[in-house]
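To start, the structure under review is shown below, and the notes come after it.
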Amino acid sequence: MRKKAYRPDVDVPEWKGRYVPYDIIKEGTIALVVVAILTVALAVVFSSPDEKAITIKTWSNADPIDFAKTAVSELDGTSGVAHYGAPYNHGGPAQGLGFLSPEKWVGVRIAINTATDFVLNPLEAQPTQPALHAALTQWASASSTTQSSWTSAYASADAKMTFTGDHVNVPTHAAGPVPVLINDLTMMARSGALDQALVTQNGFYTTNYTKPLLFLSDGTYLAGLANKQHLGGDQWGMMNETGSWPGQAWLWLYTFWYQVSPYNSSKSGDFMVFGTMMVLTALLVAVPFIPGLRSVPRRIKIYRLIWREHYRESED
Amino acid sequence: MSTDIDRQWTSRLRRSVVAKLPPDKLLPDTQPAYVASWIYVFGVTTMAALGVVIATGCILALDGPQWWHSSSLGHFVNSLHLWSVEIFFFAMVIHLWGKFAMAAWRGGRSLTWVTGAITFMVSILTAFTGYVSQTNFDSQWIATQAKDGINSTGGGAFFNVLNLGQMLMWHIVLLPIGAVLLTVLHVVMVRVKGVVPPIVETVELSA
Amino acid sequence: MAQGWGLGALINLNHYGHYLQWHVFSISVANLLVIIVMIATFVAALVAPFPGRRNRKGPQ
Ligand code: HEM
């Protein structure tokens with residue numbers, strides 16, 4: 001007779017069979033020794049990756065034009081960060097789905113004004129140089145319409161930008177102080193002083209690299225290096241590592257969504273991937289409570305293999 | 001007859017702990033006969049790997065977050081830390097597959113599964129904060145990429161992956177404490193309930 | 001590339017990785033090996049005889 005309330009994916013009959021000696025402390029000790037030896041062996045054989053951090057100095061020396069163009073976009077507010085939106089500024093739309101937009105609800109919390117934080121403040125921190133000082137004053141006293149006429153004159157000519165003899169050249173005469181600002185910022189970057197200025201905005205001690213990292217992320221240099229290493233978001237980069245080391249293989253599913261539609265084409269792709277993963281994570285956590293899902297192990301019958309001795313004995 | 005001593009919070013706590021987890025349940029010297037498969041060693045292996053991860057992380061901490069870039073000993077310790085993490089996840093995933101295959105949540109063990117799954121998530125977050133605390137190219141790239149995902153949830157305003165100090169604190173203090181506490185809870189629940197018996201399709205009411 | 005890969009890597013992994021590509025799927029050889037070894041270990045753990053399961057005595 002079948003006991004009515006018994007659910008094989010939820011209940012277990014009480015064990016009335018044999019108990020056998022089993023030394024869990026010995027098992028744990030052996031496991032620890034094995035893992036320790038394996039760790040040392042893998043470390044000796046394979047070492048570990050350590051690709052040196054890039055700096056704004058390395059970037060602007062390796063590719064001064066990319067740097068200078070990025071600096072213009074920070075000044076005129078067309079860069080990725082300037083258009084980011086929350087939590088950095090009001091420059092762009094927040095991600096979301098329908099009325100769900102936590103990014104918008106949270107608002108601007110880490111305020112970044114790319115023109116002042118990335119360009120003007122660092123330049124102002126430079127020792128007084130008459131030309132730079134005049135350019136900064138000219139910029140500060142101009143109306144925002146004048147400022148944008150300067151930057152658009154500069155930006156429309158910057159396809160022809162050249163870098164010669166330690167000078168950024170752009171063929172335009174309608175750009176007001178912008179050529180001086182961009183040239184001086186580039187020189188400052190190439191000397192390493194911009195790296196310092198961006199972090200010391202937080203004071204003497206700092207452990208916060210938000211500003212230099214955001215600035216770096218606006219150029220194409222960092223992404224170019226990363227793409228060579230297969231680290232790009234559209235290259236399953238989240239699970240990859242620099243060099244030939246294994247990476248965070250456990251992120252395979254998270255990074256998978258970024259490769260397929262609609263996630264890889266939506267403006268709210270990040271939010272949708274996150275939402276999808278939260279739902280799947282909730283499913284994993286809740287497996288014991290989900291009818292159907294919790295019967296899968298009974299259906300795939302791997303358990304018959306694991307407990308084969310038991311079933312052989314009990315079915316004899 | 002209940003005495004003052006019996007009613008003490010202290011003695012009540014002791015009684016209930018001892019009732020739930022008597023010493024021979026906490027450290028049993030036998031297991032039911034069905035506990036006879038290599039799949040059972042992966043929980044313990046995960047625990048062992050967690051121990052090695054923490055020990056190597058502690059050595060890395062001794063000389064500060066940038067030591068390993070300039071010292072070959074430091075780099076070696078970093079390698080130990082990285083590879084123990086790989087072993088940790090390796091063992092944990094096999095453990096998860098195994099427990100799933102055994103439907104090891106049966107018989108009032110659902111919370112054991114739930115704490116295990118949450119530990120998995122916390123471990124992923126711990127590893128992630130470690131990757132962004134490396135102070136090298138990898139961490140620069142991972143942080144600038146990951147910020148978009150986290151910002152889209154609104155979380156980026158409070159959990160700023162570009163803030164090295166914040167990430168390092170989470171990586172070496174808050175998350176490891178969380179992972180260890182969850183692991184202790186998980187393993188204590190296993191000991192309280194005992195190892196799950198084999199799947200039985202139907203139960204005869206006779207005999 | 002990386003700064004001093006230091007104490008004794010016997011096998012140098014400090015070069016661009018190899019990647020396998022199939023439709024939208026892309027995986028580094030290193031990650032693929034880790035996953036294959038993981039699956040192999042799982043299967044081995046299922047099928048390998050567990051020691052100490054001495055000659056089965058009759059049911060108690
Ligand atoms: C830090 C990570 C983890 C550690 C250290 C750990 C450790 C352990 C240990 C030592 C055991 C008992 C021995 C064994 O059966 O293997 C166990 C049992 C168990 N684990 Fe985990 N575990 C972890 C993660 C997980 C995960 C991710 C899951 C599943 C989502 C999980 C589910 C279970 C279940 C259901 C049991 C009970 C098994 C039974 O009663 O037979 N654990 N765990």
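The values are calculated or read from the model by the stated rules, or taken from the named source; none is laboratory data. Values in this document were obtained by computation on a predicted structure and should not be read as measured data. Positions of Cβ are generated from backbone atoms using ideal geometry, with glycine treated the same way; all protein chains shown enter the neighbour counts. With ligands, DNA and RNA removed, areas are computed over all heavy atoms of the protein, side chains included. Shrake-Rupley method; radii C 1.70, N 1.55, O 1.52, S 1.80 Å.
Yes/no per residue for (1) at the interface with chain B (Cβ under 7 Å from one of its Cβ atoms); (2) touching a strand residue (DSSP E or B) at 6+ places or on another chain (Cβ under 7 Å); (3) without any contact (Cβ under 8 Å) to a residue 12 or more places away in the chain:
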residue: A:Thr207; (1), (2), (3): yes, no, yes
residue: A:Leu213; (1), (2), (3): yes, no, yes
residue: A:Thr220; (1), (2), (3): no, no, no
residue: A:His230; (1), (2), (3): no, yes, yes
residue: A:Gln235; (1), (2), (3): no, yes, yes
residue: A:Ser244; (1), (2), (3): no, no, yes
Scanning segment B:93-108 for residues that are open to solvent by 20 Å² or more (accessible area, probe 1.4 Å) and on the phi > 0 side of the Ramachandran plot, the one nearest to the other protein chains (Cβ to nearest Cβ) turns out to be B:Gly107
Quick one: how many residues across segment A:148-166 are free of Cβ contacts under 8 Å to residues at least 60 places away in the same chain and either closer than 9 Å to A:Gly176 by Cβ or surrounded by 13 or more Cβ atoms within 10 Å (Cβ to Cβ) (or both)? 5
Expected output for segment B:30-53 (first residue among the aromatic types (Phe, Trp, Tyr), partner within 8 Å of the ligand (Cβ to nearest atom) and open to solvent by 20 Å² or more (accessible area, probe 1.4 Å), Cβ below 6 Å, 6+ apart or cross-chain) is B:Phe42/B:His95
Boolean, B:Val196 is open to solvent by less than 30 Å² (accessible area, probe 1.4 Å), without any contact (Cβ under 8 Å) to a residue 24 or more places away in the chain and within 10 Å of the ligand (Cβ to nearest atom): no
Can you list the helices (runs of 4 or more DSSP H) found entirely within segment B:1-40 that contain at least 3 residues being in contact with a Lys or Arg (Cβ under 6 Å, 6 or more places away or on another chain) and hydrophobic (A, V, I, L, M, F, W, C)? none
Just checking: which of the helices (runs of 4 or more DSSP H) contained wholly in segment A:205-316 hold 2 or more residues that are within 16 Å of the ligand (Cβ to nearest atom) and open to solvent by less than 40 Å² (accessible area, probe 1.4 Å)? A:269-285, A:296-300, A:302-306
Any hit, segment B:171-186, residues being open to solvent by less than 20 Å² (accessible area, probe 1.4 Å) and either out of contact with any Pro (no Cβ under 6 Å at 6 or more places or on another chain) or more than 16 Å from the ligand (Cβ to nearest atom) (or both): yes
Considering residues that are within 20 Å of B:Leu82 (Cβ to Cβ) and assigned to a helix (DSSP H, G or I), the number found within segment C:10-41 is 11
Could you tell me which residue of segment B:38-65 is farthest from the other protein chains (Cβ to nearest Cβ), considering only residues that are open to solvent by 40 Å² or more (accessible area, probe 1.4 Å) and within 22 Å of C:Ala45 (Cβ to Cβ)? B:Met47
Anything in segment C:42-60 that is of a type outside the set (D, E, K, R) and either at pLDDT below 85 or not in a loop (DSSP other than H, G, I, E, B) (or both)? List them, or say none. C:Phe42, C:Val43, C:Ala44, C:Ala45, C:Leu46, C:Val47, C:Gly52, C:Asn55, C:Gly58, C:Pro59, C:Gln60
Tabulated pairs, segment B:91-105, first near the ligand (Cβ under 7 Å from one of its atoms), second at pLDDT 95 or above and not in a helix (DSSP H, G or I), C-beta under 7 angstrom, 6+ apart or interchain: B:Met102/B:Val196; B:Ala104/B:Val196
Among the residues in segment A:57-64, are any among the acidic types (Asp, Glu), surrounded by fewer than 21 Cβ atoms within 10 Å (Cβ to Cβ) and either over 30 Å from B:Val195 (Cβ atoms) or touching a strand residue (DSSP E or B) at 6+ places or on another chain (Cβ under 7 Å) (or both)? yes
Which members of segment A:46-59 meet the condition of being in a helix (DSSP H, G or I), within 22 Å of the chain's Cα centre (by Cα) and touching a residue at least 40 places away in the same chain (Cβ under 8 Å)? A:Ile56, A:Lys57, A:Trp59
Residues in segment A:98-111: is at least one of a type in the set (Ser, Thr, Tyr), assigned by TED's automatic domain parsing to the domain that holds A:Asn169 and modelled with pLDDT of 95 or more? no
Collect the residues in segment B:106-155 that are within 9 Å of the ligand (Cβ to nearest atom) and of a type in the set (S, T, N, Q), keeping them in residue-number order. B:Ser110, B:Thr112, B:Thr115, B:Thr119, B:Ser123
Residues that are among the hydrophobic types (A, V, I, L, M, F, W, C), over 25 Å from B:Ala179 (Cβ atoms) and within 14 Å of another protein chain (Cβ to nearest Cβ), drawn from segment B:1-37: B:Ala33, B:Val35, B:Ala36
Here the residues within segment B:142-170 that are of a type outside the set (S, T, N, Q) and open to solvent by 50 Å² or more (accessible area, probe 1.4 Å) are B:Phe158, B:Met169, B:Trp170
Has segment A:241-263 got any residue that is out of contact with any helix residue (DSSP H, G or I) (no Cβ under 6 Å at 6 or more places or on another chain) and within 30 Å of A:Ala125 (Cβ to Cβ)? no
